[in-house]
Amino acid sequence: MNGTRIAMIGLLALLVAQGCLAAPARRDVREGFVHVPGGRVWYRIVGAGQKAVPLLVLHGGPGVPHDYLEPLEALADARPVVFYDQLGCGNSDKPADRSLWTIERFVEELVQVRKALGLSRVHILGQSWGSMLAIDYMLTRKPEGVVSLVLSGPCLSTSRWVADTRALVARLPARIRMVIEAAEASGRFDSKEYRQAVDEFFRRHVCRLDPWPDCMNRSARRVGGPVYEHMWGPSEFTVTGTLRGYERVERLEEITTPALFTCGRHDEATPEASALYRDRLPGAQLVVFDGASHEHHLERTALYLHVVGGFLRRTEARTR
């Protein structure tokens, strides 16, 4: 992409309100619930009247509801954009049964959502944990009708994620590192000091906007804590949950669906890790957003929408 084009896109970004984009009043919206194993999940389809292949959005976490991904509603000018809150967070049911928090059940949940909403042909966008869910769906169910994959801030190897985030933690100021080390040594992660240390990591590598946009704050307020802690752990860089053994790099070559990886230059899902995944998935592409981190769709909204929208249009045209 040449410098003039980037400059024009950058100018456009200045004209877009920082953070979340409100859906135009006339855009068709449909909401409801789908019954899945363990309860009901809430969905929202924006641009329900559009005819192009829908985009199904898988949020991160596990347990971080869809709100922070609202800027993707702008893509509904061309196609339906489908959001849903996975079981245990946001507008969906929040059962107390910990046995429900498995990647296999979340894959089955995705199967049921797609079936209930009639998404016979679909693009899938997975952000963070959503990328893990998307890849396991493709590997275990080998579904038909998936036109493309967009994997933003991907985590397809927990061991690589831990190594990368540990390297990022090592660059934090010494006083912050000491708090993190003390919490991990004691197993106590509920102190004010530890939360402040995690917040500093977030400001550098998760969302660099100050202040955070409203949609990001809404997701933070409605996190499914039990899901996140059971499957991941107490923080982004301390993994004690059931996903600590998640490793899919060696199987990516099994997937032939066109794929786009995206990450931020300062992302906890590092450009180096994202390039590794790109290289293992045949024909995949990677775009790195300078000056951005894990929530690069919020930090570089106009450019992100331009890149993703163009990829969806091109892949759709080739498979029509």
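The values are calculated or read from the model by the stated rules, or taken from the named source; none is laboratory data. Nothing here was measured: the structure is a model prediction, and the numbers come from that model. Note that we place each Cβ from the backbone using ideal geometry, even for glycine, and neighbour counts take in every protein chain shown.
What to note about this one:
- Candidates Ala134, Ala174 - the one that is free of Cβ contacts under 8 Å to residues at least 12 places away in the same chain and among the hydrophobic types (A, V, I, L, M, F, W, C): Ala174
- Qualifying residue in the stretch 173-192 (condition: touching a Lys or Arg at 6+ places or on another chain (Cβ under 7 Å), surrounded by 15 or more Cβ atoms within 10 Å (Cβ to Cβ) and of a type in the set (A, V, I, L, M)): no
- When the stretch 61-85 is filtered for residues that are closer than 25 Å to Thr315 by Cα, touching a residue at least 60 places away in the same chain (Cβ under 8 Å), charged (D, E, K, R) and surrounded by fewer than 24 Cβ atoms within 10 Å (Cβ to Cβ), only Arg79 remains.
- Residue match in the stretch 119-126 (condition: under 19 Å from Met231 (Cβ atoms) and modelled with pLDDT of 95 or more): yes
- Tallying residues that are within 23 Å of Glu70 (Cα to Cα) and surrounded by fewer than 16 Cβ atoms within 10 Å (Cβ to Cβ) within the stretch 117-138 yields 2.
- Scanning the stretch 28-53 for residues that are free of Cβ contacts under 8 Å to residues at least 60 places away in the same chain, crowded, with 18+ Cβ neighbours inside 10 Å and either farther than 22 Å from Arg318 by Cβ or within 21 Å of the chain's Cα centre (by Cα) (or both) yields a total of 4.
- A count restricted to the stretch 297-316 and to residues that are in contact with a helix residue (DSSP H, G or I) (Cβ under 6 Å, 6 or more places away or on another chain) and within 21 Å of Trp212 (Cα to Cα) stands at 6.
- Being at negative phi and at pLDDT 95 or above is true of Gly60.
- Within the stretch 292-311, residues that are under 17 Å from Pro271 (Cβ atoms) and at pLDDT below 95 have Cβ atoms under 9 Å from residues that are crowded, with 24+ Cβ neighbours inside 10 Å and hydrophobic (A, V, I, L, M, F, W, C) in no pair, counting only partners at least 6 apart in sequence or on another chain.
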